[in-house]
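J.: Mind looking over this structure? Questions follow.
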Amino acid sequence: MTEAHERVVLRTAKLADELKIGDVGIMVHIYQDRLAYEVEFTTPGGDTAALVTAKGSQVWALQENFVRKIGEFALTLPGYFVSSIFLT
């Protein structure tokens with residue numbers, strides 16, 4: 001997993017009603033056992049949209065090849081439409 005204050009991508013929409021798969025948040029706390037992380041998701045204006053505790057399987061460390069990986073991940077979701085822009 002990643003370190004505190006790094007960006008992560010949401011892999012599941014079950015954490016909060018206002019969040020969707022692919023939303024980007026900041027990891028603000030790593031619990032001692034590294035089995036859970038506190039992640040803050042903000043609006044484009046910088047306001048907190050959600051502060052959630054997530055398991056490692058529910059978030060993904062944001063990497064430089066993020067766009068390609070999200071496209072590949074989205075292809076594994078049943079009924080999820082992926083624009084060709086994600087597959088570049």
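J.: Do we have any residue at all in region 47-61 that's of a type in the set (F, W, Y) and at pLDDT 85 or above?
T.: No, the conditions are met nowhere in region 47-61.
J.: Would you check which residues across region 25-39 are in contact with a helix residue (DSSP H, G or I) (Cβ under 9 Å, 6 or more places away or on another chain) and hydroxyl-bearing (S, T, Y) and list them?
T.: Correct list: Y37 only.
J.: Cβ contacts < 7 Å: first residue touching a residue at least 40 places away in the same chain (Cβ under 8 Å), restricted to region 21-49; second residue assigned to a strand (DSSP E or B), any location; separation 6+ or different chain. Result?
T.: Partner pairs satisfying both residue conditions: I21/L10; G22/V9; G22/L10.
J.: Then there's this: Identify the residue in region 29-46 that is loosely packed, with under 13 Cβ neighbours inside 10 Å and not small (G, A, S) and, among all such residues, is modelled with the highest pLDDT.
T.: Y31
J.: Condition (residue is within 14 Å of E3 (Cα to Cα) and either at pLDDT below 90 or part of a strand (DSSP E or B) (or both)) applied to region 63-79: is it met by at least one residue?
T.: Yes, region 63-79 contains at least one residue that is within 14 Å of E3 (Cα to Cα) and either at pLDDT below 90 or part of a strand (DSSP E or B) (or both).
J.: Same structure again: Please go through region 1-14 and pick out each residue that is under 14 Å from E40 (Cα atoms), in a loop (DSSP other than H, G, I, E, B) and either touching a Phe, Trp or Tyr at 6+ places or on another chain (Cβ under 8 Å) or at pLDDT 85 or above (or both).
T.: Once the filter is applied, which keeps residues that are under 14 Å from E40 (Cα atoms), in a loop (DSSP other than H, G, I, E, B) and either touching a Phe, Trp or Tyr at 6+ places or on another chain (Cβ under 8 Å) or at pLDDT 85 or above (or both), region 1-14 yields only E6.
J.: Given D23, D17, which one is among the charged types (D, E, K, R), under 14 Å from W60 (Cα atoms) and at pLDDT below 90?
T.: Only one candidate qualifies: D23.
The values are calculated or read from the model by the stated rules, or taken from the named source; none is laboratory data. Remember, it's a predicted structure, so these values are computed and weren't measured experimentally. No Cβ is skipped: glycine too gets one built from the backbone with ideal geometry, and neighbour counts run over all protein chains shown.
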